[in-house]
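The values are calculated or read from the model by the stated rules, or taken from the named source; none is laboratory data. Source: prediction; values computed, not measured. Every residue, glycine among them, receives a Cβ derived from its backbone with ideal geometry; neighbour counts consider all protein chains shown. Accessible surface areas use protein heavy atoms only, side chains included; no ligands, DNA or RNA. Shrake-Rupley method; radii C 1.70, N 1.55, O 1.52, S 1.80 Å.
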Amino acid sequence: MADIAVVGPGAIGSVAALAVQQTGRHAVTLCARRDPGAIRVVDDVTGEVTDLTMPVLTSPAKVDGPADWVLLAVKAHQTDGAAGYLGALCTPRTTVVALQNGVEHVARVAPHANDARVLPAIVWISAEPTGPGEVTVRNNISSLLQVPAGPEGEEFAKLLDGAPAVEVELVSDFTTAAWRKLTTNAIAGIMAATGRRAAVYQREDVKELALGLARETLAVARAEGAQLPEEEAEALVGIFERMDPDIGSSILFDRLAGRELEWDARNGVVRRLGRRHGIATPVSDVLVPVLAAASDG
Ligand SMILES: NC(=O)C1=CN([C@@H]2O[C@H](COP(=O)(O)OP(=O)(O)OC[C@H]3O[C@@H](n4cnc5c(N)ncnc54)[C@H](OP(=O)(O)O)[C@@H]3O)[C@@H](O)[C@H]2O)C=CC1
Ligand SMILES: CC(C)(CO)C(=O)C(=O)O
């Protein structure tokens, strides 16, 4: 049995907590910044509804000791704000799994983690807050978590082994996998900019914009060591074209709720690293300020 803390019981945190609960063999605690009340997870394919039954803390001061595992599921821009929990939960024997989008998990989390091991995770799950204390998982997309192959990744896969809510995949070329996911996140920024769900990618003008965004993101990805050919752009935009038109994105849900946006980790990074490599990013040069301004609104 392991002592597991889920920091950030939002959409992804709730799915992660459900997976731990499904194993039935670990002690798990939700670490929130306010009482989220009862949380239930709905599977939109099977209609199954599962209530989360673990205890909830609402302040790092209530942490009574270190955790073996921390599943960190706050938004990237909320990581500094979660430093109190990380400081209270982490020791060098802890593993923090960064269940976040982006390609900068370790650099973002490690400074707060008391020399704990930080395992970056790519989250191929679509989970939407669909009501007070309710998260709906769009399981016709996937329920996949990708982590770097190696001892920590193998331990994480074993930790959640047998949980139907998630599948853990070990990947040997994590850089390529992370940049492939980042490119989908960059494309999803168009949802936040337009305030529209995946149906927006049926527009020819938006498709062209998404292709340009994907192509520049992949050029930066290759400069960062990802093995992603130019034609990957059409494949990734195609994911959005084929998506159910009512599927959204976490950055869209924040936009619609008037919350701060995770724009820098998902879109700003393309511009930042593009400049470092001398790669033009004309679409990001327009989209990033639009998202940043919407975030300030
Ligand atoms: N949702 C999705 O479909 C997907 C999301 N992702 C990524 O997963 C990560 C998490 O996203 P998501 O679950 O959607 O985000 P949510 O906004 O749903 O959840 C974030 C949670 O963290 C909590 N939180 C924020 N700051 C703190 C803090 N200091 N201490 C404790 N809890 C805190 C929030 O609390 P509060 O309610 O008070 O704001 C909220 O419960 C992001 O990087 C996202 O891009 C990746 C793939 C898909
Ligand atoms: C579901 C998906 C892939 C869409 O970008 C995502 O990563 C998110 O919502 O943050």
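Quickly run through segment 110-120 and pick out the residues that are under 18 Å from the mean Cα position of the chain (by Cα) and either within 12 Å of ligand 2 (Cβ to nearest atom) or closer than 17 Å to ALA88 by Cβ (or both).
Across segment 110-120, the qualifying residues are ALA110, VAL118.
Strands (runs of 3 or more DSSP E) wholly in segment 35-86 with at least 1 residues that are open to solvent by 40 Å² or more (accessible area, probe 1.4 Å) - which ones?
In segment 35-86, 40-43, 49-51 are the strands (runs of 3 or more DSSP E) which contain 1 or more residues that are open to solvent by 40 Å² or more (accessible area, probe 1.4 Å).
Residues that are among the acidic types (Asp, Glu) and within 16 Å of ligand 2 (Cβ to nearest atom): does segment 127-141 have at least one?
Yes - at least one qualifying residue is present in segment 127-141.
Could you pull out the residue among LEU182, LEU159, LEU144 that is within 16 Å of ligand 1 (Cβ to nearest atom) and open to solvent by less than 20 Å² (accessible area, probe 1.4 Å)?
Being within 16 Å of ligand 1 (Cβ to nearest atom) and open to solvent by less than 20 Å² (accessible area, probe 1.4 Å) holds for just one of LEU182, LEU159, LEU144, which is LEU182.
Answer yes if at least one residue in segment 75-87 is touching a His at 6+ places or on another chain (Cβ under 6 Å) and at pLDDT 95 or above, and no otherwise.
Yes, that holds for at least one residue.
Specify the residue that is nearest to ligand 2 (Cβ to nearest atom); the eligible residues are those in segment 7-34 that are assigned to a loop (DSSP other than H, G, I, E, B), small (Gly, Ala, Ser) and over 16 Å from the mean Cα position of the chain (by Cα).
Step by step, filter segment 7-34, then rank; the result is ALA32.
Quickly run through segment 73-96 and pick out the residues that are of a type outside the set (S, T, N, Q) and within 16 Å of ligand 2 (Cβ to nearest atom).
Hits for segment 73-96 are ALA73, VAL74, LYS75, ALA76, HIS77.
Take the residues in segment 221-255 that are touching a Leu at 6+ places or on another chain (Cβ under 6 Å) and under 13 Å from ALA186 (Cα atoms), then tell me which one is farthest from ligand 1 (Cβ to nearest atom).
This residue is ALA233.
Which condition number in (1) crowded, with 20+ Cβ neighbours inside 10 Å; (2) closer than 25 Å to LEU18 by Cβ; (3) modelled with pLDDT of 95 or more is the one that ALA165 fails?
(3)
Would you be able to say whether some residue in segment 259-278 is farther than 30 Å from SER172 by Cβ, at pLDDT 95 or above, within 13 Å of ligand 2 (Cβ to nearest atom) and of a type outside the set (Lys, Arg)?
Yes, segment 259-278 has at least one match.
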